[in-house]
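A.B. asks: If you scroll down you'll find the structure; I have some questions about it.
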Amino acid sequence: MSPLRIGVAGLGTVGAATVQLIEENAQVLALRTGRRLQITAVSARDRDKDRGFPANRYRWYEDARALAADPEVDLVCELIGGSEGIALDLVRQALRAGKHVVTANKALLAHHGGMLARLAEEHGAVLAFEPAVAGGIPIVKALREGLAANRIRRITGILNGTSNYILTTMRETGRDFAAVLAEAQAKGYAEADPSFDVDGIDAAHKLSLLASLAYSCVPRFDAMQPEGIRAIKPVDIDFAGQLGLRIKLLGTARLTEAGLVLRMHPAMVPLDAPIAAVEGVFNGIAVEGDRVGTTMFEGRGAGAGPTASAVVADIVDIARGLRLPTFGVPAADLVERNLAPAEDLVGSYYLRLEVVDRPGVLADIAAVLRDHQVSIESLIQRGRDPEQPVTLVITTHEAAEGAMTRALAVIAGLSVVLEAPTMIRVERA
């Protein structure tokens with residue numbers, strides 16, 4: 001069988017690792033696919049940078065879009081990043097030319113996934129994206145193939161290793177967010193501009209793609225309102241431990257009668273939940289199917305080796321002749337699902353209040369919660385000094401989020417409440 005000729009766009013850490021992996025494991029890959037995987041062309045800005053292999057071994061393009069027109073490229077690996085610009089141009093042009101595409105670009109698919117899936121099918125090409133979600137964890141393959149017999153009831157995931165590392169280190173050391181973020185940047189776990197990671201955007205991109213696979217819909221990142229971890233304080237982590245809970249940046253996806261639920265925000269989870277044990281830079285995803293029950297996937301969600309492994313896994317499938325729709329069903333069958341109204345979602349909550357220590361304060365706060373149909377589950381008070389603020393922690397029974405938000409607005413206006421209340425959702429399922 002003729003070789004599968006590959007063009008690699010972007011030779012950063014993942015691109016360089018992908019080239020090295022294909023070259024170093026050439027024999028075993030040929031054995032497993034029945035054909036040779038041959039890199040014929042690459043593209044990057046800096047030709048002189050040391051990437052661990054000679055630059056002159058392959059045809060070199062400064063403009064990655066040239067790979068789409070190269071007659072000696074059958075498959076393009078798009079490892080540039082970004083939802084617009086060259087990455088989008090390259091993928092569109094490659095698919096229109098009938099070339100297969102493997103991409104690690106979750107932002108691109110979260111914004112343009114439906115259009116690109118249709119384009120791939122129209123031109124007989126495969127658009128594969130295992131490396132775009134959770135690095136080396138084969139979660140895309142699991143949802144599209146291994147769990148295809150199931151109706152997916154729920155997906156719960158830690159999908160960003162940087163945020164998980166920060167929260168883990170804050171808990172273990174007692175240091176605040178800013179100090180741990182600086183350490184993560186020094187170690188290379190966080191970018192100089194960490195916004196996509198710590199504000200939940202990167203993880204929300206990934207969750208939107210998992211929901212598309214699970215619920216046969218066009219990615220709905222545009223309708224999400226992700227929340228990040230910047231506001232999490234060591235005191236909240238400490239109280240979570242006292243309550244038998246742990247704080248994670250958690251994504252959840254499920255389909256309800258009211259619409260698709262897509263949430264990305266900090267949440268407290270029980271210590272005995274499998275997702276609570278996912279620590280450091282690791283990702284973890286729990287998928288509940290109607291037949292298989294709950295399956296748990298855990299591993300490194302980023303990094304050169306794990307992501308390159310996922311890139312090559314998609315290449316291997318294509319080399320073997322596997323031809324599957326991008327999101328598991330034909331693009332024409334992808335539906336535009338509305339998101340369930342956030343204010344109608346029901347859940348439990350953790351509240352932390354800094355209040356004046358005097359009689360009647362708790363009664364005033366409890367009355368506001370009562371008036372908004374929010375029931376108190378537990379209460380912790382730290383400190384007792386009429387001259388100093390005291391910390392009041394409340395956990396609630398289940399209540400509608402809209403009711404909780406309105407109650408907090410009233411509580412924040414009470415003269416005895418000295419700073420804006422902190423609210424963190426509690427996920428017990």
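A.B. asks: What is the number of the single condition among (1) farther than 30 Å from R291 by Cα; (2) surrounded by fewer than 21 Cβ atoms within 10 Å (Cβ to Cβ) that Y189 does not meet?
C.D. replies: (2)
A.B. asks: Which strands (runs of 3 or more DSSP E) does the stretch 338-424 wholly contain that include 2 or more residues that are surrounded by fewer than 15 Cβ atoms within 10 Å (Cβ to Cβ)? Reasoning before the result, please.
C.D. replies: Working: elements: 346-355, 376-382, 390-396.
Fully inside the stretch 338-424 and qualifying: 376-382.
A.B. asks: Same structure, new question: How about the stretch 186-298: which helices (runs of 4 or more DSSP H) wholly inside it have at least 1 residues that are of a type in the set (K, R), more than 17 Å from Y349 (Cα to Cα) and in contact with a helix residue (DSSP H, G or I) (Cβ under 6 Å, 6 or more places away or on another chain)?
C.D. replies: By residue number, 201-215.
A.B. asks: Is at least one residue of the stretch 301-318 part of a strand (DSSP E or B) and of a type outside the set (D, E)? First the steps, then the outcome.
C.D. replies: Residues of the stretch 301-318 part of a strand (DSSP E or B): none.
The answer is no; no qualifying residue exists.
A.B. asks: Here's another thing I want to ask about it. Considering only the stretch 16-51, state which residues are loosely packed, with under 11 Cβ neighbours inside 10 Å, touching a helix residue (DSSP H, G or I) at 6+ places or on another chain (Cβ under 8 Å) and over 20 Å from L75 (Cα atoms).
C.D. replies: Matches in the stretch 16-51: D48 only.
A.B. asks: Would you mind stating whether R428 is under 30 Å from A286 (Cα atoms), loosely packed, with under 15 Cβ neighbours inside 10 Å and either of a type in the set (K, R) or at pLDDT 95 or above (or both)?
C.D. replies: yes
A.B. asks: Looking for something at pLDDT 95 or above, in contact with a Leu (Cβ under 6 Å, 6 or more places away or on another chain), within 14 Å of E427 (Cα to Cα) and buried (at least 19 other Cβ atoms within 10 Å of the Cβ) - is there at least one such residue anywhere in the stretch 214-222?
C.D. replies: no
A.B. asks: Within the stretch 75-99, how many residues turn out to be part of a loop (DSSP other than H, G, I, E, B) and touching a helix residue (DSSP H, G or I) at 6+ places or on another chain (Cβ under 9 Å)?
C.D. replies: 8
A.B. asks: Out of (1) surrounded by 13 or more Cβ atoms within 10 Å (Cβ to Cβ); (2) modelled with pLDDT of 95 or more; (3) of a type in the set (D, E, K, R), the odd one out for R291 is which?
C.D. replies: Unmet condition: (1).
A.B. asks: Keeping to the stretch 382-414, report how many residues are of a type outside the set (D, E, K, R), farther than 17 Å from D344 by Cα and touching a residue at least 12 places away in the same chain (Cβ under 8 Å).
C.D. replies: Here the count works out to 13.
A.B. asks: Of the residues that make up the stretch 226-235, is at least one farther than 30 Å from A331 by Cβ, in contact with a strand residue (DSSP E or B) (Cβ under 6 Å, 6 or more places away or on another chain), at pLDDT 95 or above and surrounded by fewer than 19 Cβ atoms within 10 Å (Cβ to Cβ)?
C.D. replies: Yes, the stretch 226-235 contains at least one residue that is farther than 30 Å from A331 by Cβ, in contact with a strand residue (DSSP E or B) (Cβ under 6 Å, 6 or more places away or on another chain), at pLDDT 95 or above and surrounded by fewer than 19 Cβ atoms within 10 Å (Cβ to Cβ).
A.B. asks: Tell me, please, whether a residue that is under 26 Å from L95 (Cα atoms), more than 22 Å from the chain's Cα centre (by Cα) and either modelled with pLDDT under 95 or surrounded by 16 or more Cβ atoms within 10 Å (Cβ to Cβ) (or both) can be found in the stretch 306-314.
C.D. replies: no
A.B. asks: Return yes when A302 is surrounded by 17 or more Cβ atoms within 10 Å (Cβ to Cβ), out of contact with any strand residue (DSSP E or B) (no Cβ under 7 Å at 6 or more places or on another chain) and modelled with pLDDT of 95 or more and no when it is not.
C.D. replies: Numbers: surrounded by 17 or more Cβ atoms within 10 Å (Cβ to Cβ): yes; out of contact with any strand residue (DSSP E or B) (no Cβ under 7 Å at 6 or more places or on another chain): yes; modelled with pLDDT of 95 or more: no.
Taking the combined requirement at face value, the residue does not satisfy it.
A.B. asks: Exactly one condition in (1) more than 30 Å from T256 (Cβ to Cβ); (2) among the aliphatic types (A, V, I, L, M); (3) free of Cβ contacts under 8 Å to residues at least 40 places away in the same chain is false for M170; which is it?
C.D. replies: Result: M170 passes all but (3).
The values are calculated or read from the model by the stated rules, or taken from the named source; none is laboratory data. Note that the structure is predicted; figures quoted are calculated from it, not measured. Don't worry about glycine lacking a Cβ; one is built from the backbone with ideal geometry, like all the others, and counts go over all protein chains shown.
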